[in-house]
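The values are calculated or read from the model by the stated rules, or taken from the named source; none is laboratory data. If you're wondering where the values come from, they're calculated on a predicted model, not measured in any experiment. With ideal geometry, Cβ positions are generated from the backbone for all residues, glycine too; neighbour counts draw on all protein chains shown. Protein only, heavy atoms only, side chains kept; ligands, DNA and RNA dropped before computing areas. Shrake-Rupley method; radii C 1.70, N 1.55, O 1.52, S 1.80 Å.
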Amino acid sequence: MAPLIALAEIGLFAAGVIAGIVGVVSVAIRREEKRLTLTSEATDPVTRAGRWVNGVYVRAPRRSGTGRPGRRQGHLLQRPLPGTALSLQVPSPRRPCTCPAGRDPDAQ
């Protein structure tokens, strides 16, 4: 009889956890639809949790000065990729290319 009661308690606990997760996601979805905020960052922890469970995220460009202090935020096209022609490279907006055409600015 004791194993049956323990199994019922575990099942009841699992059902409560699942109901809690479904409830949080439902509230988050309702808030997102009401505020129309899917194109910006999450406004509170409930909507952030709902986005995480649903796999929704926002990829927005970071503004300068909003990153972590002391961390270098490199640009993908600052250095030439191996095997790419110089005509295909785009200079970084932070460091425009001032070298003559055909010369690599990083070469020494």
Could you calculate the contour length gain from Ile10 to Val46, that is, 0.36 nm times the residue separation minus the distance between their Cα atoms, to one decimal place in nm?
10.3 nm
Given points 7 Å out from each Cα along the Cα-Cβ axis, report the Val53 to Ile29 separation in nanometres with one decimal.
1.0 nm
Rounded to the nearest percent, how much of the accessible area of segment 1-64 (1.4 Å probe, protein heavy atoms only) is carbon and sulfur?
67 percent
